Amino acid sequence: MRSLLRPALLIAALAFGAGPAAAYTAAYEALLTRYVTKGPTGVNLVDYGRWQSAASDRAALENFIKDEQTQRPSTLERNQRFAYWANLYNAITVKVILDHYPVASIRDIKSEGVWLDPKAFTGPWVAKRVTVEGHELSLDDIEHKILRPIFKDPRVHYSVNCASLGCPNLRPKAWHAETLDADLDNAARDYVNNARAATVTPDGSLKVSSIYSWFKADFGGTDAGVIAHLKQYAQLALAERLKTVSTIAADSYDWGINDTAGKRIGN
């Protein structure tokens, strides 16, 4: 299976002094570049149908996930660890969708083997899917036991993608330690300035993504904290509208799959 890694990517990675792990990250990034595109509303969409039908590219994604499980993220520097976990989370999520495609929403996919957990029936997040440094991990483990509590950075929410239209974008590139801070800021601006993240209605009411409600603690714990975060990344038009806002009126989230085929469900 590992022979499916494109020779040119392997040679390029090794030429810059990187080891096999970097080569597999380069292959994963090539997959993202191939299948992720910007949609008309600013939401990045994935061509899951084409990816699913390409056996070699599905195998390349599986190889990346397998290779990540041989790494020791505990030995990496902070930004390297962040990039490692965010890339692994996103790769697993794409694989889950491909394994069940076609599907209208990631919430239609259940977590296998954990039927005593009510969350098992609402999505794939609590099933153990990888083993890293001897620990079996679910998607929830990566997000809520590693990324959020360890890094304590609200931009975590812009780094992971749950295959949904309401989610911050899956980038057409992997995360890299060298450019992590700038890329996270760009991801934050990209999301905050899209209507699915924040909209000030004509009557001055603020409607936000449910991310800012579910994880309000990560954004200061109050409406004021969330609004301050939005202002930090808001471009001129949104920043002007936020000047008169002091509370959040409503929140919503679109769980429709981020598919180029256009499958969609309501909020």
Near pairs, Cβ below 8 angstrom, 6+ apart or cross-chain, from the range 63-80 (of a type in the set (A, V, I, L, M, F, W, C)) to any residue that is at pLDDT below 95 and surrounded by 11 or more Cβ atoms within 10 Å (Cβ to Cβ): F64/Y24; F64/T25
K173, sole failed condition from (1) in contact (Cβ under 8 Å) with a residue 60 or more places away in the chain; (2) charged (D, E, K, R); (3) farther than 20 Å from R78 by Cα: (3)
Selection within the range 103-131 - of a type in the set (A, V, I, L, M) and assigned to a helix (DSSP H, G or I): I106, A120
For L137: the one exception among (1) without any contact (Cβ under 8 Å) to a residue 24 or more places away in the chain; (2) more than 25 Å from A27 (Cα to Cα); (3) buried (at least 20 other Cβ atoms within 10 Å of the Cβ): (2)
Evaluation of T70 against (1) surrounded by fewer than 20 Cβ atoms within 10 Å (Cβ to Cβ); (2) closer than 24 Å to N169 by Cβ; (3) not aromatic (F, W, Y) (one fails), failing number: (2)
Only one of S111, S105, S53 that is polar (S, T, N, Q) and either under 18 Å from H144 (Cα atoms) or touching a Pro at 6+ places or on another chain (Cβ under 9 Å) (or both): S111
Residue satisfying all of: in the range 132-168; in a strand (DSSP E or B) and touching a strand residue (DSSP E or B) at 6+ places or on another chain (Cβ under 7 Å); farthest from Y233 (Cα to Cα) among these: E136
Selection from the range 202-249 of residues that are part of a loop (DSSP other than H, G, I, E, B) and surrounded by 14 or more Cβ atoms within 10 Å (Cβ to Cβ): S210, F215, G220, A234, V245, I248, A249
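The values are calculated or read from the model by the stated rules, or taken from the named source; none is laboratory data. Keep in mind that what you see is a predicted model, and the values were worked out from it rather than measured. Quick reminder, even Gly has a Cβ in these numbers, built from the backbone with ideal geometry, and neighbours come from all protein chains shown.
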